[in-house]
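No lab work stands behind these numbers, since they all come straight from the coordinates. Because the structure is a prediction, the values reported are computed rather than measured. As a convention, Cβ positions derive from the backbone with ideal geometry for all residues, glycine included, and neighbour counts pool all protein chains shown.
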Amino acid sequence: MRTIQKWHQRAASAVSMALTEIAAKAADCSVCELWGGRYREEIPVYASFQSYSDSPQWISRSVSNVEAQLKKGFEQIKVKIGGTSFKEDVQHINALQHTAGSSITMILDAN
């Protein structure tokens, strides 16, 4: 029964998307304009990567990843925590903060 419900929702979404496209074409506008226009000119994004591993050098690898993302221009970085001990998480976060300083927003993902 769950499979039927899952596919029903997906089919309903596809039909809804198609009808929205048809309505936008009929109004000679984009879907964005149909829904009221742009909310913002830019969308903030963040870099995300697997930060911890079984490797003894996982913190230094994570620091290198953050440095690479900063060079690419990212101002927000999501970091996985909770896969190691609390003490290691604190060391990890401190190392990343030392590397990035206050130049970024760090998002901690602890699931």
Tell me, what are the semi-axes, in whole angstrom and largest first, of the equivalent ellipsoid of segment 47-109 as set by the roots of 5 times the Cα gyration tensor eigenvalues?
18, 12, 10
Can you pull out the trypsin sites (Lys or Arg not before Pro) in segment 64-111 whose DSSP state is coil and whose Cβ has at most 11 other Cβ atoms within 10 Å?
Lys72
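Pulled fully out, how much extra length does the chain show between Ser102 and Ala11, if you take 0.36 nm times their separation in residues and subtract their Cα-Cα distance?
Taking 0.36 nm per residue and subtracting the Cα distance, the gain is 28.2 nm.
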For the chain, calculated [θ]222 nm from helices alone, where every DSSP H run of n ≥ 4 adds -39500 (n - 2.57)
-17000 deg cm²/dmol
Might you report the magnitude of the Cβ-based charge dipole of the chain about its Cα centre, with Lys and Arg at +1 and Asp and Glu at -1, to the nearest 20 debye?
320 debye
Just want to confirm a number: the relative contact order over the chain, from Cα pairs under 8 angstrom separated by 6+ residues, in percent.
23 percent
Loop only by DSSP, 10 or fewer other Cβ within 10 Å of the Cβ. Give me the GluC sites (Glu not before Pro) in segment 28-58 that pass, ordered by residue number.
Glu41, Glu42
With R₀ set to 35 angstrom, the calculated FRET efficiency between the beta-carbons of Ser55 and Gln76, to the nearest 0.05, is 0.85
Restricting to Cα pairs under 8 Å and 6 or more apart, the percent relative contact order of segment 47-109 works out to 42 percent
Taking a ≥ b ≥ c as the square roots of the Cα gyration tensor eigenvalues, with a/c under 1.5 meaning rounded and otherwise prolate when a/b beats b/c or oblate if not, the chain comes out oblate
Which ordering of Asp109, Asp54, Asp89 is given by a fewest-first count of other beta-carbon atoms within 10 Å?
Asp54, Asp109, Asp89
Of Trp58, Ile107, Ala95, whose Cα points farthest to the positive end of the dipole of segment 55-111 (charges on the beta-carbon: +1 Lys, Arg; -1 Asp, Glu; origin at the Cα centre)?
Trp58
Give the aspartates and glutamates reachable from Lys80 as a straight Cα distance under 15 Å; neighbours fewer than 8 places away on the same chain don't count.
Asp54, Glu88, Asp89, Asp109
Can you give the charge dipole size of segment 47-109 about its Cα centre, rounded to the nearest 20 debye, using +1 on the beta carbon of Lys and Arg and -1 on the beta carbon of Asp and Glu?
140 debye
